Each structure stands twice: as C-alpha cells, then as structure tokens.
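Computed from the coordinates by the stated procedures, all read-outs in this text should not be read as laboratory data. This is a predicted model, so every value here is computed, not measured. Note: ideal-geometry Cβ built from the backbone for every residue, glycine included; neighbour counts use all protein chains shown.
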Amino acid sequence: MGLKLLNTLTRSVQDFVPLDPSGKNVGLYCCGPTVYDYAHIGNWRTFVFGDLVRRSLEFHGYNVRHVMNITDVDDKIIRRVKETGGTLSDFTGKFEKAFLEDLAALQCRTPHHTPRATEHIPAIVDLISRLVQRGFAYQAPDGSVYFSIQKYRGAGCCYGQLVHLNFEEMRTGERVANDEYAKESLADFALWKARVPEDGAVFWPSPWGEGRPGWHIECSAMSMQLLGPSFDLHLGGEDLMFPHHEDEIAQSEGTGLQPEGQRFVKYWMHGAHLLVEGRKMSKSLGNFFTLRDLIAKGFSGREIRYLLLTAHYRETFNFTLEGLQGARSSLQRIDECIGKLREIAAGETAGADDALVRQLSKPLEDDLNISGTWGAVFEWIRETNRKLAENSILPAQAASLLASWEKIDGVLGVGLPSAAVVPAEILALVEARQAARKAKDFKQSDGLRDELKAKGWVIEDTPKGARAKRIA
Ligand SMILES: [Zn+2]
C-alpha cells in the first residue's frame, strides 16, 4: 500500500516518497489563479484536483504544507485595471475574494499559504539578481531582464524536462516579452519587464530600473521562499506545462540552491483539460461557465465538486448540465443512506471499520483512480441499503459505518448531506405546521406546507416525527 502518482518528469507512475527524511512532511505547490476575472469551470477542475491530491496525502498521514499563489499582477490584469480606472489592489482584491469564496463553495481545503505576487517583489528581485550573477540572465536593450536558455543549456542544464523541445528549430537570440508563448516560438523569456507607459501606476523599483516581474518568476520565488529550494509536489493544469512550468524549473534550478542531487521539484502532476457540452469552452459557443453561473442555475458547489471528481484527473472530461443532474441524484443516494444510518445510530459512536475504509480508498492509491473509489462507494451503498431494508443493522454497526464514511469523505470531500443541515427558518415552519396539524387546523397546516415547498423543502413523516427534506 502507499500512494503512487504519475510524475510528469519521468512520465511514469512512481511510489510517492517525500523528501523529508522523517517521511512525514510534504511540501505541495499549486499554481493559483490570475485574479483578473472569475475563475471558470475548467480552472476549477484543476483546483479541485489539487484539493484531491492534498486530501489524499493527508489521508495517508502526511503533514502537508499547501501553497497556492495569487497572481495579482500580469499583462491581462494591467489592461483591465486601466479599463476600470481603479487601483491594482482594488481590482485584484475583488477577484481574489471571489476566488477564495468559490474555493470554499467547492469544499476545497484552504491552502496554508496564498501568497500574492505583489507582496513578494523583494524575493523575486533577489532571485533574478542571482540568475544575473550566475550568467543565466541578462538585461536587454529594451531594459527588461531575460533568461538565457542558451547559457543555461551551455552550463549543462536541461531546458525541456517536462516537454520535448526541438532546439534545432529554435531561433537563437530571439526574445519573448509576453508571458504566454508556444513551443514553436521558444525563446529567452522575460524575468523582469521594464516599465512602459501602458503600465500606468503599476511598477516597482529594481536594480534594472522600474518595472514589474514576469509571470513565471513569481511562482519560482514564492514556492522556494515558502517550501524551500527543493520540495515534493508541484501541480497545475496541463496547459501550464509549457512554458510556465518549464520556465519555473529553469529559473529555480538556475539558482543552484538545491541540495546536491535534488531537483527543484520531485513530482510534477498535471490535470487534463475540460470540455463543456462536448466542446472546448468559449464565450461565443455559450458553454463558458464560471462557478457562479452554475450556482445561479440552481446547482450547489457540492454537486459541481462531485461531478468534477467523477473522472480521473488525467482524462479529458466532458462537463455537462445533464451530468450535474446526475451528480445530484448520486449524492442523494449517498445522503439517504447516510441519513438512515444516522437515525439507526441515534447518536451512538463507534470506531471506523478499517477493512471497509481500505476497500473504498484502495483504488485512490493507484494514481488517484477516483472512478474505482466511486464504484466501490456505490457498491457499498447498495449493500447497505439492502441491509437497511432488512432492518439488519444494529446501532453500533450503523455508527461504525458512519465513522468509516467520514474517513473516506475526508478524501472525497463531498461532505455532509445538505438535507442534514436544515436552516432554523425551515425548522420553525415545520414545527408550526406540526402544531397546526395537532390543533386540526388543516388550512393553516396546508398553507405552511405550501410555504415550505415554495422555499424548496418538503415534509416527510417518519416514525420519529416530521422531517424536512430538500426538494431535488
Ligand atoms: Zn505557477
């Protein structure tokens, strides 16, 4: 047993062994959002995947330090700030807040650190200075500082660890100021961008004059500052593999700060793309959704999380509204079963059933085979429902099953059934309706039932009294 993960560096599934000699502490870095807009559902797939990795590590007993950066300065942000006429921090603060709210709505564990690029300029400048001293970076006539791929390779270092690059076709001497470029236009990339009039009030002093950092260097500076020059896991969407992650490796390993024989990152993991309604998401096709768009359609963060977690992270996944309906009924099946177990357990507590926990969690050990785990979960639900129908589960057994589910849910994070959390306002209406019925005021009782229905709740009469249940 033990966790095995596909490492993009070696392109093979490897046993996960932390760098920490005690085998306990794990450093995890996930490339975070660029806060210039609301994150879309494709972005969210990557963040939920990051949460699954973290929860899996914690399930295996590791003490994880999870860092997710906030890119709060880049080309796109500066353009938007100019359009709005406000300040950089007013603009990015709004989207950062929204991002963290959405992350919580998707039941993702909060990263331990969410460093902002603009608050790490000295660390970024230090890193660039070190690269300049070591001969891997230079200031160009445009005033910006670039990373020299030729010098780096000349020193025996490898550029192209995650993706295969054809250096024969590389146009030497060419530079790219833009943060995003294709493999075919491989060139020296910007570490520090000299101030231009379009930057407005967004600039910082540096040994190379006023300017701002490039996007790639932000992640190198913040990850190494918070997790050390060499750490365990670095995650992102597959679109970040090149150039972002390749540049991060070059900048970080170019400092020579890693201990002998260690790399900047031991395991790189990449999540696959998302299609929406069978096509690449685009605003013009009408299949572009932010989390907020989906919540406005009546879906919960929990349902969206569940759907995003049904496919393996390396598979292209087709996200559909129909799939969300399916997610809703799957979760209801879980909720009903757990709800019944709760009634039987009636507050009794018991330890988890280790064999059951193992059976449900085992598929995840194989590079997070989540479909295997869901298959096992629903098999277990079927079996439990059969026993419930036979009335053959004793309170202590129910309590043990609940404790086991809680452990598994520590990884899946679909959380408590929403029906279990009944708002006080609804509870008050249910009580008023019961009182009306008792007083044989059926007009009042029916009126209250309709009011509950209008608010999305129905009353179920059970042997233990009336219970509010959310309408699907
Ligand atoms: Zn990054």
Taking a threshold of 21 Å on the Cα-Cα distance, which of the pairs Lys97/Lys469; Lys82/Lys193; Lys76/Lys193; Lys340/Lys407 fall above it? Lys97/Lys469
Lys and Arg at +1, Asp and Glu at -1: neighbours of Phe442 with Cβ under 12 Å from its Cβ sum to +4
Radius of gyration and maximum dimension Dmax of region 317-417, Cα, Å: 14.0, 42
Along the positive direction of the dipole of region 64-159 (beta-carbon charges: Lys, Arg +1; Asp, Glu -1; about the Cα centre), which of Leu131, His120, Val64 reaches farthest? Leu131
Measure out, as a whole number of angstrom, how far apart the alpha-carbon centroids of region 52-114 and region 347-364 sit. 33 Å
Which percent of Cα pairs goes in each bin when the distances of region 179-259 are cut into 10 angstrom slices starting at zero? 15, 43, 34, 8, 0
Within region 206-309, percent of DSSP bridges classed antiparallel, to nearest 5: 25 percent
Two-site label geometry, Gln434 and Asp20: point separation in nm, points 7 Å out along Cα→Cβ: 4.8 nm
Mind checking the log10 I(q)/I(0) for region 71-204 at q = 0.10, 0.11, 0.12, 0.21 Å⁻¹? Debye, one equal scatterer per Cα, no solvent, two decimals. -0.46, -0.55, -0.65, -1.26
Just want to confirm a number: the relative contact order over region 268-348, from Cα pairs under 8 angstrom separated by 6+ residues, in percent. 36 percent
P(r) for region 4-271: what percent of alpha-carbon pairs falls in each 5 Å bin, starting at zero? 1, 6, 13, 17, 19, 17, 13, 8, 4, 1, 0
Rounded to 5, the percent of DSSP beta bridges in the chain classed as antiparallel: 50 percent
Tell me which residues come under 5 Å, amide H to amide H, from Gly237 once H is placed; ignore anything under 5 positions away on its chain. Gly271
On average, how much area does the Cα convex hull of region 422-470 cover when viewed from any direction, in nm²? 3.1 nm²
Hydrodynamic radius of the chain per Kirkwood, over alpha carbon pairs, in Å: 25.0 Å
Rg(Cα)/(2.2 N^0.38 Å) for region 1-157, N = residue count: 1.27
Under 15 Å, Cβ to Cβ, from Leu285 - net charge with Lys/Arg +1 and Asp/Glu -1: +1
For Arg153, Arg470, Arg386, what's the fewest-to-most ordering of other Cβ within 10 Å of each Cβ? Arg386, Arg153, Arg470
Once the mean of 1/r over all distinct C-alpha pairs in region 338-386 is inverted, the Kirkwood radius in Å reads 12.1 Å
Determine the relative contact order of the chain: mean sequence separation of Cα pairs under 8 Å and six or more apart, normalised by residue count, in whole percent. 16 percent
Cβ-placed point charges (K, R +1; D, E -1), dipole of the chain about Cα centre in debye, nearest 20: 1240 debye
Given R₀ = 56 Å, what would the calculated FRET efficiency be for Lys183 paired with Ala350, taking r from the Cβ atoms and rounding to 0.05? 0.50
